[in-house]
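For reference, the structure discussed in these notes is given below.
The values are calculated or read from the model by the stated rules, or taken from the named source; none is laboratory data. Small disclaimer: the values here were computed from a predicted structure and weren't measured. Because the Cβ atoms are built from the backbone with ideal geometry, glycine has one as well, and the counts that use them run over all protein chains shown. Calculation scope for accessible area: heavy atoms of the full protein, side chains included, ligands and nucleic acids excluded. Shrake-Rupley method; radii C 1.70, N 1.55, O 1.52, S 1.80 Å.
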Amino acid sequence: MQTVSLSQLTNQLEDYEYFVIDKKVYDLHLASSLIDKTIYLLENPEQEKTLQSFEKICCFFLDKNIKRSDTLVCIGGGATTDLGGYVASSLLRGIEWVSVPTTLLAMIDAAIGGKVGINTSHGKNMIGSFHMPKRELLSSDFLETLDKTQIQSGKGELLKYGFLSKDIFQLIEEKSSLDQIIPACIEYKKDIVEKDFKESGVREILNLGHTFGHAIEKCSEVEHGLAVALGIKMNLMFFSTNLLVMFEKLIESLEISLPEIKVDREEFLEYLKADKKNKSKDKIRFVTVKEASQTNIIDIDLKNLKEQLAEKAYASFFR
Ligand SMILES: NC(=O)c1ccc[n+]([C@@H]2O[C@H](COP(=O)([O-])OP(=O)(O)OC[C@H]3O[C@@H](n4cnc5c(N)ncnc54)[C@H](O)[C@@H]3O)[C@@H](O)[C@H]2O)c1
């Protein structure tokens, strides 16, 4: 999938009527081109990934007479495509949707592959479904207005692909442009999703770093992709110390500055226990990498995990 210019992209949007859009993206890029459309704007997409906003958005479009044959276009970062895609998956028992990612993280991951959902007090994305967009439209022009933290967050998620695909590792190591790296990540993810749409097998590897990462994200103010990067680091410290050098190399090539965190250990464990990938209540599921691009899925006893996390090596992560 290649990126197009913003004006080519907005031309392609002419065919559609119903939109869910991140307000910041709308104000920066789309206000003058999307005229006479039915648009629900998200002021604060991550905070709005809730059941309450889900209902509000559904009712907004039902009031506007949306029909099952209509398509919902979702434009924004991962929070917008997760929430908007989830609305599309349920509204009138499911309508088609188009995803238009506007952050690096959404372009390489969140907006690709049809996982959609919302958060609850139990954790991130605890309610959701699999609903593939019928189309993705990509313009790297959107990236020009992203702030440094969002670029860093996208690069944090990019790190994951460096461990999963030798080709992407090479692109990162050669400091290739994002215009080259983004399509490579999309192609890699699409290939995996094609083999296992509902994540009952190989798709699980895309969760590398996310078990610890989601718990970090819930217990701190750290952005999703940077929480994933920290989650990968913790994961390697646990299972694959031989790859910590590779981690440092990728961090350096991508110019990622990892944030310092101090999370509450008990709260962190609670979120690990609630991880929806777990198969039983006393075992936590992890994706591990032994060698670059050689992955494994393992279930670790909660008791063992708790003991290990209390060791000195992990002290810097906790209060
Ligand atoms: N469904 C999946 O497979 C999947 C995978 C990874 C992450 N996610 C989800 O994605 C979300 C994180 O995505 P995100 O990092 O894109 O966050 P986000 O959608 O919250 O966007 C981050 C910030 O960037 C702003 N923004 C978006 N596009 C912009 C642009 N072009 N210019 C300026 N500002 C812009 C937004 O307003 C927001 O403030 C999380 O909710 C996470 O759970 C989903």
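Other residues whose C-beta falls under 10 angstrom from the C-beta of residue 279 contribute a net charge of +3, scoring Lys and Arg +1 and Asp and Glu -1.
Peptides 29-40, 115-126 ranked from most to least packed by the mean count of surrounding Cβ atoms within 10 Å: 115-126, 29-40. Counting only protein chain heavy atoms and rolling a 1.4 Å probe, the accessible areas of 204, 270 rank, largest first, as 270, 204.
A simple count of charges around residue 299, restricted to other residues whose Cβ falls under 9 Å of its Cβ and scoring Lys, Arg +1 and Asp, Glu -1, yields +2. Normalised by the number of residues in the chain, the mean separation of alpha-carbon contacts (under 8 Å, six or more apart) gives a relative contact order of 14 percent.
Which whole-number percent gives the relative contact order of the stretch 175-236, counting Cα pairs below 8 Å spaced six or more residues apart? Relative contact order of the stretch 175-236: 25 percent. Averaging the sequence gap over all C-alpha pairs within less than 8 Å and six or more residues apart, then dividing by the number of residues, gives the stretch 52-117 a relative contact order of 35 percent.
Would you mind classifying the stretch 22-119 by shape? Square roots of the alpha carbon gyration tensor eigenvalues, ordered a ≥ b ≥ c; an a/c under 1.5 is rounded, otherwise it is prolate if a/b is larger than b/c and oblate if not. Rounded shape, in that the Cα axes give a/c under 1.5.
Gap in Å between the Cα centre of the stretch 199-217 and the Cα centre of the stretch 107-177? Result: 13 Å between the Cα centres. Compute the Cα gyration tensor for the stretch 133-187, then decide on rounded, prolate or oblate, letting a ≥ b ≥ c be the square roots of its eigenvalues: rounded whenever a/c is under 1.5, prolate when a/b is larger than b/c in the other cases, and oblate in all that remain. Here the stretch 133-187 falls in the oblate category.
Using a probe of 1.4 angstrom and keeping all protein chains present, the accessible surface of the chain works out to 45 square angstrom per residue.
In terms of packing, defined here as the mean over residues of other Cβ atoms within 10 angstrom, the peptides 131-141, 293-303 line up highest first as 131-141, 293-303.
For the chain, the spherically averaged projection of the C-alpha convex hull amounts to 15.3 nm².
Other residues lying with their Cβ under 12 Å from the Cβ of residue 10 contribute a combined charge of -2, Lys and Arg counting +1, Asp and Glu -1.
Quick one: Cα centre-to-centre distance for the stretch 1-76 and the stretch 240-319, in angstrom? For the stretch 1-76 versus the stretch 240-319, the Cα centre distance is 36 Å.
Which of rounded, prolate or oblate describes the stretch 230-286 when judged by the alpha-carbon gyration tensor and an a/c cut-off of 1.5? Because a/c hits 1.5 or more and a/b exceeds b/c, the stretch 230-286 counts as prolate.
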